[in-house]
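Trainee: Provided herewith is a single structure, encoded as structure tokens, for subsequent inquiry.
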Amino acid sequence: DIFSGVGYTATRLTDGSSANGVQVLFGEESSHKVSETTTLKQRLVYYPGGGDLGNRATFDAGLATQISGGWTLNAGLSSRYASRVPVGTKKTDNLLTVGFGYKF
């Protein structure tokens, strides 16, 4: 799926500053069945720079697979990018998660 839109963003940063304004977004998302037991989902959204907000982007991906006997393995990756951040702060944040589950 491909999508776009307009929204209002209010951001407060760790240094006490803030940035507010209208922002356009463009994105895409998809789901894929990799095998009988494994699915992959991903979503990418880009917010072009506008005023004090700067360019921003988000990416999320998730992988889920059945192991055996009701057990599942899930992995996720999230990445956030902002072009305007306080001094000493990284422009990109990444999070990797792994989890096991049991369906009963």
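The values are calculated or read from the model by the stated rules, or taken from the named source; none is laboratory data. None of the values given here were measured: they were computed from a predicted structure. Virtual Cβ from ideal backbone geometry, glycine too; neighbours counted across all protein chains shown. Note: accessible area is taken over every heavy atom of the protein model, side chains too, but ligands, DNA and RNA are not part of it. Shrake-Rupley method; radii C 1.70, N 1.55, O 1.52, S 1.80 Å.
Trainee: Rounded, prolate or oblate: which one fits the chain, using the alpha carbon gyration tensor with axes a ≥ b ≥ c (rounded when a/c is under 1.5, else prolate when a/b beats b/c, else oblate)?
Mentor: prolate
Trainee: Extension gain Ile2-Ser68, at 0.36 nm per residue separation less the Cα-Cα distance, in nm?
Mentor: 20.3 nm
Trainee: Moving on to the next point. Could I have the simple spin-label model distance between Arg84 and Thr39, label points 7 Å from Cα toward Cβ, reported in nm to one decimal?
Mentor: Placing both labels 7 Å along Cα→Cβ, they lie 3.9 nm apart.
Trainee: With every protein chain left in place, what is the accessible area per residue of the chain in square angstrom, probe 1.4 Å?
Mentor: 70
Trainee: Kindly report, to the nearest 10 Å², the accessible surface of Asp52 as traced by a 1.4 Å probe over protein heavy atoms only.
Mentor: 110
Trainee: Quick check: at a probe of 1.4 Å, how many percent of the accessible area of the stretch 1-49 sits on carbon and sulfur atoms?
Mentor: Summing carbon and sulfur atoms, their accessible area is 55 percent of the total for the stretch 1-49.
Trainee: Round to the nearest 10 and report in Å² the accessible area of Phe100, as given by a 1.4 Å probe over the protein chains' heavy atoms.
Mentor: About 150 Å², rounded to the nearest 10.
Trainee: If you average the sequence gap of Cα pairs under 8 Å that are 6 or more apart and divide by the length of the chain, what percent do you get for the contact order?
Mentor: With pairs under 8 Å counted, the relative contact order is 19 percent.
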